[in-house]
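Notes for the one structure printed next.
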């Protein structure tokens with residue numbers, strides 16, 4: 001179920017509120033590109049700044065608009081297990097296809113704490129669960145041995161891996177085998193992870209270039225390694241520039257420059273700083289569009 005390209009979709013704002021007109025257009029772009037699914041209310045969607053009411057509404061409106069044409073895997077994580085369970089139960093009731101569960105941030109639980117946290121959430125979920133390991137933002141690393149234990153749970157079916165450590169990813173895949181799919185949480189490691197047995201990516205870049213990321217993954221899966229490599233190398237600079245400031249600041253700017261939404265972003269995030277980095281980002285995106293990438 002969890003394989004291919006899943007877009008960690010941005011949340012457009014206008015005058016302090018969610019801009020649903022722009023958001024639905026973004027969803028349509030993803031559907032037309034044949035991505036496997038979208039992930040609303042993830043970090044890229046500025047979930048930490050959404051109220052509980054906005055969070056539930058955004059997921060509900062996503063499900064209504066998508067109408068099962070692609071998967072909706074909603075971010076319902078929290079550093080409070082009880083809150084994550086509550087968010088999960090609401091999302092399941094509203095018809096999502098899966099949920100994304102990030103490591104509890106700031107608390108820095110032990111591996112046993114992580115195991116019990118994710119198990120408790122999965123026990124209350126009526127849909128499959130994708131775990132999300134991103135130590136750089138949560139200060140805790142969900143180790144492969146712990147994921148192996150969690151893979152025994154019938155609802156835990158995938159892992160979004162954003163450690164940037166291909167060695168750890170290799171160990172994870174070797175341990176969980178066919179029990180779970182492993183997806184890259186970093187666009188630049190999509191192709192390397194596919195070569196190790198990974199099954200796709202939860203992508204930031206696919207907000208603007210969904211067809212290109214789908215083609216990269218599908219080309220690799222069909223054995224057309226040359227095409228997959230060409231896309232990978234053509235996008236290599238953008239993969240790096242998309243993180244010149246904290247995600248989702250750069251991708252929000254890129255989407256605004258290309259007319260998909262306003263550049264409005266919620267504090268404590270701020271708009272992309274003017275300067276050489278922003279100029280390089282704009283030129284790189286323009287060059288890729290000129291080459292016909294979509």
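The values are calculated or read from the model by the stated rules, or taken from the named source; none is laboratory data. Keep in mind that what you see is a predicted model, and the values were worked out from it rather than measured. Please note: Cβ atoms are built from the backbone with ideal geometry, for glycine as well, and neighbour counts cover all protein chains shown.
Give me a count of the residues in segment 143-161 that are touching a strand residue (DSSP E or B) at 6+ places or on another chain (Cβ under 7 Å) and either without any contact (Cβ under 8 Å) to a residue 40 or more places away in the chain or crowded, with 23+ Cβ neighbours inside 10 Å (or both).
Result for segment 143-161: 8.
Condition check ((1) touching a residue at least 24 places away in the same chain (Cβ under 8 Å); (2) under 20 Å from the mean Cα position of the chain (by Cα); (3) over 27 Å from residue 219 (Cα atoms)) across all residues:
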position: 233; (1), (2), (3): no, no, no
position: 245; (1), (2), (3): yes, yes, yes
position: 249; (1), (2), (3): no, yes, yes
position: 254; (1), (2), (3): yes, yes, no
position: 257; (1), (2), (3): yes, no, yes
position: 270; (1), (2), (3): no, no, yes
position: 278; (1), (2), (3): yes, no, yes
position: 283; (1), (2), (3): no, no, no
position: 292; (1), (2), (3): no, no, no
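How many residues, within segment 197-215, are touching a strand residue (DSSP E or B) at 6+ places or on another chain (Cβ under 9 Å) and in contact (Cβ under 8 Å) with a residue 60 or more places away in the chain?
So the count comes out to 12.
Testing residue 175 on (1) farther than 14 Å from residue 3 by Cβ; (2) touching a strand residue (DSSP E or B) at 6+ places or on another chain (Cβ under 8 Å), one condition comes back false. Which one is that?
The single condition residue 175 does not satisfy is (2).
Name, by its number, the condition in (1) buried (at least 16 other Cβ atoms within 10 Å of the Cβ); (2) under 15 Å from the mean Cα position of the chain (by Cα) that does not hold for residue 164.
(1)
Answer yes or no: is there a residue in segment 49-56 that is more than 22 Å from residue 271 (Cβ to Cβ), surrounded by fewer than 23 Cβ atoms within 10 Å (Cβ to Cβ) and modelled with pLDDT under 95.
yes
Just give me the residues in segment 25-58 being touching a strand residue (DSSP E or B) at 6+ places or on another chain (Cβ under 6 Å) and within 22 Å of residue 135 (Cα to Cα), in sequence order.
39, 40, 41, 42, 47
Run down 30, 111, 101 and say which single residue is in contact with a helix residue (DSSP H, G or I) (Cβ under 8 Å, 6 or more places away or on another chain), over 22 Å from residue 202 (Cβ atoms) and at pLDDT 95 or above.
111
Just for segment 4-17: of the residues that are surrounded by 17 or more Cβ atoms within 10 Å (Cβ to Cβ) and in a strand (DSSP E or B), which one is farthest from the chain's Cα centre (by Cα)? Full working, then the answer.
In the first step, residues of segment 4-17 are kept if they are surrounded by 17 or more Cβ atoms within 10 Å (Cβ to Cβ); the result is 4-13.
Now drop any that are not in a strand (DSSP E or B), which leaves 4-7, 13.
Values: 4: 12, 5: 9, 6: 6, 7: 6, 13: 19 Å.
In this case the residue turns out to be 13.
Would it be correct to say that residue 199 is out of contact with any helix residue (DSSP H, G or I) (no Cβ under 8 Å at 6 or more places or on another chain) and either under 30 Å from residue 227 (Cα atoms) or buried (at least 22 other Cβ atoms within 10 Å of the Cβ) (or both)?
yes
Residues are listed down the side, and each one gets a yes or a no for (1) closer than 29 Å to residue 142 by Cα; (2) assigned to a loop (DSSP other than H, G, I, E, B); (3) within 18 Å of the chain's Cα centre (by Cα):
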{"position": "2", "(1), (2), (3)": "yes, yes, yes"}
{"position": "27", "(1), (2), (3)": "no, no, yes"}
{"position": "30", "(1), (2), (3)": "no, no, yes"}
{"position": "43", "(1), (2), (3)": "yes, yes, yes"}
{"position": "59", "(1), (2), (3)": "yes, no, yes"}
{"position": "68", "(1), (2), (3)": "no, yes, no"}
{"position": "85", "(1), (2), (3)": "yes, no, no"}
{"position": "89", "(1), (2), (3)": "yes, no, no"}
{"position": "99", "(1), (2), (3)": "yes, no, yes"}
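Against the conditions (1) in contact with a strand residue (DSSP E or B) (Cβ under 9 Å, 6 or more places away or on another chain); (2) outside any helix (DSSP H, G or I), where does residue 194 fall short? Just the number, please.
(2)
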